Amino acid sequence: MPNSMPLRLVLASASPARRKILQAAGIETDVLVSGVDESLVVTERAEDLCLELARMKAQAVLTRLRPADDQRTLVIGCDSVLAFDGEILGKPTDAADATRRWERMRGRSGVLHSGHCLIDVAAGRRAEAVASTVVHFADVSDDEIATYVGTGEPLAVAGAFTIDGLGGPFVERIEGDPSTVIGLSLPMLRRLLAELDIPITDLWTKIAPGSQTVELLG
């Protein structure tokens, strides 16, 4: 397949944070939400769970794609979970659950795992891996927890926290790649693309100053 063909990256995720990560790195994407039922996967290992869900999301979107002959289409599926105290924590079920989690997590640490599955549609090739980052939580007060949970933000994200939103001040430090915690590791994406013989720079786009026109680099 000619390397000169334009690349199209399809993000199999409804997460605006993942799309923003890619955009900030110069990569524009199309978005197709997978609609995968995450409760179908049961496992005791956080790494296995997030990777299997990433695979399922990418595969679900792949079956709905109609790739163009003049484009090389890639699909990226991602999923994140927090491993804490021997438990796997995805999104909280409700505000009470989010509150209980923060009461346990404050002043302690967990490991955020993000699974990635990248598929080169026409070539029928895929590359996949899990990125992991240690997260150290601040010793937040009951009032801070109540106010944070009241915003609704922790109800929509794995582990009930963010580092790129309102939850940022409640994370003291991390050990690893920050974008992993947000939900899509850019260094991991670069490595997976390399496995498929695609430089990440081939996905770069640029926006002309003062306009929203997207032009391919190169």
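Entry note, the chain: the mean residue ellipticity at 222 nm calculated from DSSP H runs of n ≥ 4, each adding -39500 (n - 2.57), is -8500 deg cm²/dmol after division by the residues and rounding to the nearest 500.
Note on the chain: with a GNM built from Cα contacts shorter than 10 Å, the maximum mean-square fluctuation among Ala60, Ala160, Ala14 falls on Ala14.
Tell me, rounded to the nearest percent, the portion of alpha carbon pairs in region 104-202 spaced more than 20 Å apart.
When all Cα pairs of region 104-202 are counted, 45 percent exceed 20 Å.
Between Arg72 and Leu7, Arg8, the built amide H atoms are under 5 Å apart, and every one of these is 5 or more places off in sequence or on another chain. Residue separation times 0.36 nm, minus the C-alpha to C-alpha distance between Arg104 and Ala14: what's the value? Stretched out fully, the Arg104 to Ala14 stretch lengthens by 29.6 nm.
Rounded if a/c is under 1.5, else prolate if a/b beats b/c, else oblate: with a ≥ b ≥ c from the C-alpha gyration tensor eigenvalues square-rooted, which is region 31-126? Walk me through the numbers before you get to the answer.
Working: a/c = 2.98, a/b = 2.51, b/c = 1.18.
Prolate shape, in that a/c is at least 1.5 and a/b is the bigger ratio.
Surface calculation, 1.4 Å probe, protein heavy atoms: Phe137 sits at approximately 10 Å² accessible. For the pair Asp37 and Ala156, label points projected 7 Å from Cα toward Cβ lie 2.6 nm apart. Think of each Lys and Arg Cβ as +1 and each Asp and Glu Cβ as -1; about the Cα centre, that makes the dipole of the chain roughly 540 debye.
For every other residue with a beta carbon closer than 11 angstrom to the beta carbon of Leu65, add +1 if it is Lys or Arg and -1 if Asp or Glu, then tell me the sum. Residues near Leu65 contribute +2 overall.
Ordering Ala131, His116, Thr43 by the projection of their Cα atoms onto the charge dipole of the chain, which places +1 on the Cβ of Lys and Arg and -1 on the Cβ of Asp and Glu, puts His116 at the extreme positive end.
Relative to the longest principal axis of the Cα atoms of the chain, helix 46-62 runs at roughly 40 degrees. Ranking Gly176, Thr29, Ala96 by how far each Cα lies toward the positive end of the dipole of the chain (charges on Cβ) leaves Thr29 at the top. Estimated from the Cβ-Cβ distance and a Förster radius of 22 angstrom, the FRET efficiency linking Glu172 and Glu87 is about 0.55.
Keeping the other protein chains in place, figure out the carbon and sulfur percent of the accessible area of region 64-172, with a 1.4 Å probe.
Values: 2190 of 4700 Å².
For region 64-172, the apolar C and S fraction of the accessible surface comes to 46 percent.
Per-residue Karplus couplings for region 66-78, computed as 6.51 cos²θ - 1.76 cosθ + 1.60 with θ equal to phi - 60°, are listed in order as 10, x, 7, 5, 9, 9, 9, 9, 10, 10, 10, x, 9 Hz, Gly and Pro entered as x.
The values are calculated or read from the model by the stated rules, or taken from the named source; none is laboratory data. Keep in mind that this is a model prediction, so the values were computed, not measured. As a convention, Cβ positions derive from the backbone with ideal geometry for all residues, glycine included, and neighbour counts pool all protein chains shown. Each accessible area value is taken on the protein alone, full model and side chains, heavy atoms only, with ligands, DNA and RNA left out. Shrake-Rupley method; radii C 1.70, N 1.55, O 1.52, S 1.80 Å.
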